[in-house]
Amino acid sequence: MSIPSRKRTVRPKLIIGTTDKIDFPLFEMEDIDCKIDTGARTSSLHCHKVHLVEKDGQRYVSFHLLDPKHESYQKREFKSFTFKEKKVKSSFGESEFRFSIYTTIRLFDREFKVEFTLADRGKMRYPVLLGKRFLQGKCLVDVSLQNLSFNQKIAKQNPLS
């Protein structure tokens, strides 16, 4: 008697360009500029006022997303009770400790759970960076393209355009 083999459904990899606009449904934020970075191991999210809070026996990381100058800034404190503190090496070769959280992003009309380090990216052009840990096994990067997920989203919203 043979054991039936289970066929694993393999989804084709998403083609992504060097930049895109992504949604953060849990933070109620849409169309946030994002850089796709195959040289970065971990994804990163621009935050400020990041600190650890211990209150009533619970620990959480508190943060504000984006900068007050950003059009999607919400002037509100976000909290994550599930977090890690990890050592991250910057593109300049300097190591620092950052908090990391998991949150959901929407890209190509699909939702993904992604780990983001909370970093000050205020001097960077893109507030979000998607790194190799997210891309691996899911995406192929075509450096000649940009904003494929965002353009697909706009086309669905305006089918006659």
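Since every read-out is calculated from the coordinates, none of them should be taken as a lab result. The structure presented is a predicted model; accordingly, all values stated were derived computationally and were not measured. For neighbour counting, all protein chains shown are included, and Cβ atoms are generated from backbone atoms with ideal geometry for every residue, glycine included.
If you stretched the chain out fully between K84 and Y102, how much longer would it get, using 0.36 nm times the residue separation minus the C-alpha to C-alpha distance? The partial results should precede the final answer.
Working: separation 18, 0.36 × 18 = 6.48 nm, distance 0.95 nm.
Answer, rounded to one decimal: 5.5 nm.
Among the DSSP beta bridges whose two residues both lie in the chain, what percent are antiparallel, rounded to the nearest 5?
On the way: 33 of 43 bridges.
The answer is about 75 percent antiparallel.
Scanning the chain for GluC sites (Glu not before Pro) in DSSP loops with at most 15 other Cβ atoms within 10 Å, what's the longest stretch left with none? Could the numbers behind the result be given before it?
Values: sites that count: E28, E71, E77, E94.
With GluC sites (Glu not before Pro) excluded where exposed in loops, the chain gives 95-161 as its longest stretch.
Go ahead and run the numbers for FRET between M124 and V10, Cβ-Cβ distance against an R0 of 22 Å, rounding to 0.05.
On the way: r = 35 Å, r/R0 = 1.57.
E between M124 and V10, to the nearest 0.05, is 0.05.
Assuming a ≥ b ≥ c are the square roots of the Cα gyration tensor eigenvalues, decide whether the stretch 88-146 counts as rounded (a/c under 1.5), prolate (otherwise, with a/b larger than b/c) or oblate. Kindly include the intermediate steps, with their values, before the conclusion.
Details: a/c = 1.83, a/b = 1.41, b/c = 1.30.
Judged from the Cα gyration tensor, the stretch 88-146 comes out prolate (a/c at least 1.5, a/b above b/c).
Treating only the Cβ of Lys, Arg, Asp and Glu as charged (+1, +1, -1, -1), what charge dipole size does the chain show about its Cα centre? Round to the nearest 20 debye. Each step should come with its number before you reach the end.
On the way: 31 positive and 20 negative charges, 139 e Å.
Roughly 660 debye for the chain.
Quick check on my link table: of K75/K138; K49/K84; K79/K153; K49/K69; K123/K153; K35/K86, which ones sit more than 25 Å apart, alpha carbon to alpha carbon? Present the calculation step by step, with values, prior to reporting the outcome.
On the way: K75/K138 33 Å; K49/K84 17 Å; K79/K153 29 Å; K49/K69 15 Å; K123/K153 28 Å; K35/K86 22 Å.
Where the Cα-Cα span goes over 25 Å, the pairs concerned are K75/K138; K79/K153; K123/K153.
Percent of Cα-Cα pairs per 5 Å bin, from 0 to the last occupied bin, for the chain, please list those.
2, 8, 16, 20, 18, 14, 9, 5, 4, 2, 1, 1, 0, 0
Residues of the stretch 11-31 with the amide nitrogen closer than 18 Å to a label point 7 Å from the Cα of N158, along Cα-to-Cβ, please.
Those under the cut-off are 21-22, 31.
Which one of C139, I36, V128 has its Cα pushed farthest toward the positive end of the charge dipole of the chain, where Lys and Arg give +1 and Asp and Glu give -1 at the Cβ?
Farthest along the dipole direction, towards plus: C139.
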